[in-house]
1. Local charge sum around N138 (other residues, Cβ-Cβ under 12 Å, Lys/Arg +1, Asp/Glu -1)?
2. For n ≥ 4 DSSP H runs only, could you compute -39500 (n - 2.57) per run for the chain, divide by its residues and tell me the 222 nm figure to the nearest 500?
3. What does the C-alpha gyration tensor say about the overall shape of the range 141-200? Classify as rounded when a/c is under 1.5, otherwise prolate if a/b is larger than b/c, or oblate.
4. Relative to the compact globular guide of 2.2 N^0.38 Å, what is the alpha carbon radius of gyration of the range 499-596, as a ratio?
5. Below 15 angstrom from the Cβ of T497, what's the summed charge of the other residues (Lys, Arg +1; Asp, Glu -1)?
6. Treating the beta-carbon of each Lys and Arg as +1 and of each Asp and Glu as -1, no other charges, what is the dipole magnitude of the chain about its Cα centre, to the nearest 20 debye?
7. Placing +1 on the Cβ of each Lys and Arg and -1 on the Cβ of each Asp and Glu in the chain, which of P251, G481, F468 has its Cα farthest towards the positive end of the resulting dipole?
8. Work through the residues other than R213 whose Cβ is under 9 Å from its Cβ and net out their charges, Lys, Arg +1 and Asp, Glu -1.
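No lab work stands behind these numbers, since they all come straight from the coordinates. Treat the numbers as computed from the prediction; the structure is a model and nothing was measured. Using ideal geometry, Cβ is built from the backbone for each residue, glycine included, and neighbour counts are taken over all protein chains shown.
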Amino acid sequence: MTPSSIEPGVSGTKQVPGTSPYTLGKELHTPSDTGQWWRRAVIYQIYPRSFKDSTGSGMGDLAGITAELPKIATLGVDAIWLSPFFDSPQRDAGYDVSDYRSVDPLFGTLDDAQNLIDTAAGHGIKTIIDIVPNHCSNEHALFKAALAAAPGSAERAMFHFADGTGVGGNTPPNNWSSLFGGPGWTRITESDGSPGQYYFHLFDATQPDFNWRNPAVEAEFEATLRFWLDRGAGGFRIDVAHAMFKKEGMPDWHGAPDGTPTPGFPFAEAPMYGQPELHTVFARWREICEQYPGEPVLCSEANARPLTRLADWVAPGQMHQSFNFDYLRTLWDRDALAAVIGESLAAFDTVGAPTTWVLSNHDVSRHATRFGLDGVALDLGDGIGPRDPQPDEELGQARARAATLFMLGLPGGAYLYQGEELGLGDHTTLEDRYRQDPGFLRTNGAKTGRDGCRIPLPWVHDAPAAGFSPTGESWLPQPAGWAGFSRDLQEEDPASTLNLYRRALGLRSELGLGLGSLAFYTNPALPEVLAIRNGDTVNVLNLSGTAVPLPRGELLLCSDAAGTADAAAGWLGPNSAAWLRTLEAAGDAAGDEENV
Ligand code: BGC
């Protein structure tokens, strides 16, 4: 494709690159340069089960992660976040913890964890530990003690135990349900064999919720935080942080019984979320983190709305960061993206916290898959299965690269999910018999669940299980064609997604984009182009299916390697993004901000 052969994004008008009127708006966000590492950090999520198996069991492990840290280091990330690797019956892939201060033998030993943290530190990478304070496993010693103890005991008071209502106490204490589907209460049999009390679980029945109104629960978690901080943890990702406290008395809720927002029943009022007491715990945890060197961070996983509410939990003295799920949920839509960026910066700037950006994680279809499905909204917990419409892989890949490049040019922190740097999408044809997600199991398959975004990574194209494990074992099967995404092939290929990520992360750091500013450009002739200025960098995302003229500037990077020459000549191809250095920064006195 040569520049002269490209039709511009506006039908009927042929534009000359550099003359399309992009007008710069006012700055919505000014640079923050406090020297605090987490304000601009890029954090790479490792899902230990699926990263690298060093033993041949088919399950990824800590030694496998440690061995590959040099490769992670070449990406140029500031920290890794490890999804849970603690002792667990693995009913929710480790988010059902039976001992927070241990390592599940599936993944290795405490020494392996220490070695991982130390080796990562040697590469200048911090290790963020995933703490699950809302609930534990039903095999945790505290829950077993609660089952063995009598109603009304101190042991039961660690959890939400309550008598049923109605005839024979056969009706659960309230109408709340599980986020994984089905009832939120499970009735136990007391030790004398009689039908007993109920306990509450926001997730699976094997994940009883702690009673955070009990100070003994808080003490338990303080000890856990210190346990990992003493071992050099760089901070914590706090699982379902917004659900830890339930409204006093746990009243019925007349919105969606799992608390998800519905018309007339906003999230902000749901009694299982966002209670004011959270502030006290977050403040105490911040104090604890501040007693340790290296500014350990607290990242809140609060899938909460609106953004202003989320921001409240990262106000001064609270947590440091929060995942921005509104950004992750946004479809391939210019105006929706512009709106969420503006709203995010406004909400987080108000409290002086960095905004974070994220496109994929272990709970949602990967963005290479989502963006290959035009206009389909997939919420957390949903996946794609063989009976669903299948994504357009090539389109998804192109858009995913563009979306990531654009995201990494925004000011604030960013989260990456293992494998996205290889361009991986989901396994979208995984057969039901392999599925393990409790969301799938509890709904008898009505929800596809999250297994498809958790497939073991491909490392070596011509090795069994694409090099994930030495034996070729793999706890979930890899889809056909997976080996083609292997890291070894991408290392060699300058046009690979892996090398795009490396270059983008290197430039982001060099140009200080994470601590930068933001102003939008507008160009009424190009309604599907999103362009921003961050310091001296112009960041353009073309969401349309045709090439569009770029603002003037010196090309730094294009998401589509094959489109780079065109981008350098002023044309950005379809479903692509580019970073440019402004003309004045490039030393061209003719730079004209009014008409770039
Ligand atoms: C985690 C999920 C997990 C759930 C229950 C989430 O937010 O990210 O993977 O199933 O919490 O712990």
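1. -3
2. Rounded to the nearest 500, it is -7000 deg cm²/dmol.
3. The shape class here is oblate.
4. Compactness ratio reported: 1.01.
5. -2
6. Charge dipole of the chain: 400 debye, to the nearest 20.
7. So the residue furthest toward the plus end is P251.
8. -1
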